[in-house]
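Take a look at the structure below.
The values are calculated or read from the model by the stated rules, or taken from the named source; none is laboratory data. All values derive from a computational prediction rather than experimental measurement. A quick note on method: Cβ atoms are made from the backbone with ideal geometry, for glycine too, and the neighbour counts reach across all protein chains shown. Heads up: the accessible areas ignore ligands, DNA and RNA and are worked out on the full protein's heavy atoms, side chains in. Shrake-Rupley method; radii C 1.70, N 1.55, O 1.52, S 1.80 Å.
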Amino acid sequence: MAGYSRAARGRGWLTCALAVVVLLLAAASLLSGPVPIPADEVIAALVQGDGDYAVIVRELRAPRTLLAVTIGGALGLCGAAAQALTRNPLAEPAVFGTPQAAALGAVVAIHVLGTHAFSFVLPLAAFLGAWASILTLMFILARSPSIVTALLAGVALGASCGAAISLVLTLSPNPFATSEIVFWLMGSFTDRSFTHVAIALPPIALGCLMICMSARSYRLLSMGEESAAAAGVNLRRTMLLTTAGIGLATAGGTAVTGAIGFVGLLAAHMVRSAYDADPRAILFPSFLAGAALTTLADIVARSLPSAQEPPVGALTAIIGAVAFLILVLSRRWSFRDFPR
Amino acid sequence: MIPHDPGVAPFSVRWTGVSVTLNERRVLRDVSFEVLPTDFVAVIGPNGAGKSTMLKAIAGIVPLKGAAKAGFRPLPGLTALERARYFSYLSQDRDIAWPMPVRDVVLMGLENASGARSRLDPHDFQTLAEVLWDCGLEHMAERPVNTLSGGERSRVLLARALLSPAHCLLADEPLSALDPAHQLKVMELLATRADGGRPVIAVLHDIAMAARFATKIILLQRGRKLQEGPAEEVLLSPDMENAFGVGFSIYATEEGPAVTISRPRFQTSESLDDDQPNV
């Protein structure tokens, strides 16, 4: 069984390599932007807080980088957790409806308040929407605790929120509001500050912690609910912790940046085969892959020569879809790998 | 060789007047039986008799009413982790969601919800190698389970259940999808395990295998226990024909008892559907 130890050591090195990639991308993110800033100036601005570019680096780029890494990472982690819980390779954080509910809250805020919504109100409105969906899901799961119920309730919540968003868009008071809503829905890190970081980080940290608390059960769950329960898994606890954790973490991200798609679905698939498809072992690597993908998309968004910065959500979807297709078409991985 | 802890305490299971109700339908009614430490119990009965539900109720994953004891402790009072330490359960569902290597799936037998054993000691690897060898999986330890046939996957999950240090093995149709050679091998493994003081309760459809290896047979029909006892006693009772609707003849051979099925008896759809639990 020497292969087992070799495989474990290989996984450790791979995780370290992924972490280095995220750090390099974070550094590249701090260096990217319309104003070219030398690396030594960026370091001086970050460490000493002075220099000509201190305001740009500390007030604009640092929070943006931090948000891209944490929100992207949280989406990757949530996607891996959603797939582990549902035993479905197509599951993603949005499957439980929270991002759609958060988006609805934000869209209603823009509709009612217009431009005044772009401060604290918008994230708070998004949080209200997300919390409403999480509490509804918890209420339903408390009455009927099963993974199928969680999926069906999540899909229903997501679909109803999507329909409500369309309705609000239709009733939009002016074209400017419509444009703002559409842009917000596509997700962006533009003009985010440490205030946004302070709003997003606590729920993301709490959500990720809740997922990690239930992660011990994910490997046993791969054999099905009955076998997992017989092996000592408390299904109700695992389900509530995972769905609430996914809800909190995605709500934190959606509240400050809008909806960023595809990261949650793709990140786990990017690392799965390298970690022997172990649903527990891929959690942290999925966080790193999600962070890398989102940070890269944000760097690309800032580097494109266009009058208006494109929404990062659109780029993650484009990059993600291409990467996903490459994975599907590659010989290393296909949906045939999964039982029907 | 079956992993066997010589220090394992004798373990028994005792049910007295136990009933199980699922979705407002009574699936098991007033069932009583006793499983002793060296028993290899075969649970037999027609489709829908409540055999799988009985195994799940013993494992504690469906609620029951009545006096059920695992060792000296009441079953309903056990926590999920305590139940997992008492019972290793092989489900009828042979799907594994992710294409993990055979080795990792089997090693889940050493894992429970309190966390994986992150550091496996040399004894664990030795036991793993023995179980893989016993189940004929030693040459496919690194293969992803999704590349295996149904029978091979069945043996992988049986190996996981055998690797578990739990006292009692509950196996739901352990012979399904297996070829005759592996059926024989698996029954020998289970019999050896039971003989070593770790009881086995298996749902079986192969009456011949049950007759040959089980020390005790429990016959269920429509959620009720019709018979419990040694193979000859149960299989030769008129209840067998009543339960299955066919006759059974048992012949002694050099290899053990052989069973033939004869004279299918006509049953009306009403008699089949009458109060038949859907499990």
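For this structure, a couple of remarks:
- Restricting the search to strands (runs of 3 or more DSSP E) fully inside region B:187-242 and requiring at least 1 residues that are among the charged types (D, E, K, R), out of contact with any helix residue (DSSP H, G or I) (no Cβ under 6 Å at 6 or more places or on another chain) and closer than 26 Å to residue B:160 by Cα gives B:216-221.
- The listed residue being open to solvent by 10 Å² or more (accessible area, probe 1.4 Å), of a type in the set (S, T, N, Q) and modelled with pLDDT of 90 or more, out of B:227, B:267: B:227
- Of A:215, A:156, A:177, all but one fail to be of a type outside the set (Ser, Thr, Tyr), surrounded by 22 or more Cβ atoms within 10 Å (Cβ to Cβ) and assigned to a helix (DSSP H, G or I); the exception is A:215.
- Every pair of residues 6+ apart whose Cβ atoms lie under 6 Å, when the first sits in region A:265-278 and is closer than 15 Å to residue B:143 by Cα and within 14 Å of chain B (Cβ to nearest Cβ) while the second is open to solvent by 20 Å² or more (accessible area, probe 1.4 Å) and among the basic types (Lys, Arg): A:273/A:332; A:275/A:11
- Odd one out for residue A:324, checked against (1) of a type outside the set (Ser, Thr, Tyr); (2) within 14 Å of another protein chain (Cβ to nearest Cβ); (3) surrounded by fewer than 19 Cβ atoms within 10 Å (Cβ to Cβ): (2)
- Taking the conditions (1) open to solvent by less than 10 Å² (accessible area, probe 1.4 Å); (2) small (Gly, Ala, Ser); (3) closer than 18 Å to residue A:141 by Cβ in turn, residue A:297 satisfies each one other than (3).
- Checking each residue in region A:159-174 for being open to solvent by less than 60 Å² (accessible area, probe 1.4 Å) and not in a helix (DSSP H, G or I) picks out only A:172.
- Taking region A:218-231 as the range and being within 7 Å of another protein chain (Cβ to nearest Cβ), part of a helix (DSSP H, G or I), open to solvent by less than 10 Å² (accessible area, probe 1.4 Å) and in contact (Cβ under 8 Å) with a residue 12 or more places away in the chain as the test, only A:220 passes.
- For residue A:200: the one exception among (1) away from chain B (no Cβ under 14 Å); (2) open to solvent by 10 Å² or more (accessible area, probe 1.4 Å): (2)
- Among the candidates B:169, B:148, B:163, B:158, residue that is of a type in the set (A, V, I, L, M, F, W, C) and either closer than 18 Å to residue B:98 by Cβ or away from chain A (no Cβ under 14 Å) (or both): B:148
- Exclusive hit being outside any loop (DSSP other than H, G, I, E, B) and either at positive phi or among the hydrophobic types (A, V, I, L, M, F, W, C) (or both), set A:259, A:277, A:268: A:268
- Selection status of residue A:244, in a helix (DSSP H, G or I) and out of contact with any Cys (no Cβ under 6 Å at 6 or more places or on another chain): yes
Residue-wise test of (1) more than 7 Å from chain A (Cβ to nearest Cβ); (2) outside any loop (DSSP other than H, G, I, E, B); (3) of a type in the set (Phe, Trp, Tyr); (4) buried (at least 20 other Cβ atoms within 10 Å of the Cβ).
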| residue | (1), (2), (3), (4) |
| --- | --- |
| B:53 | yes, yes, no, yes |
| B:61 | no, no, no, yes |
| B:82 | yes, yes, no, no |
| B:94 | yes, no, no, yes |
| B:124 | yes, yes, no, no |
| B:127 | yes, yes, no, yes |
| B:132 | yes, yes, no, yes |
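- Considering region A:232-249, and only residues there that are open to solvent by 10 Å² or more (accessible area, probe 1.4 Å) and free of Cβ contacts under 8 Å to residues at least 24 places away in the same chain, the residue that is nearest to residue A:136 (Cα to Cα) turns out to be A:237.
- Matching residues, region B:96-122, being more than 7 Å from chain A (Cβ to nearest Cβ) and modelled with pLDDT of 85 or more: B:102, B:105, B:106, B:107, B:109, B:110
- Here residue B:25 meets each of (1) within 30 Å of residue B:245 (Cα to Cα); (2) open to solvent by less than 60 Å² (accessible area, probe 1.4 Å) with one exception, condition (2).
- Residue count for region A:71-93, restricted to those that are out of contact with any Ser or Thr (no Cβ under 7 Å at 6 or more places or on another chain) and either open to solvent by 30 Å² or more (accessible area, probe 1.4 Å) or not in a helix (DSSP H, G or I) (or both): 5.
- Condition check for residue B:16: away from every other protein chain (no Cβ under 14 Å), touching a residue at least 40 places away in the same chain (Cβ under 8 Å), open to solvent by 20 Å² or more (accessible area, probe 1.4 Å) and out of contact with any Gly (no Cβ under 7 Å at 6 or more places or on another chain): no
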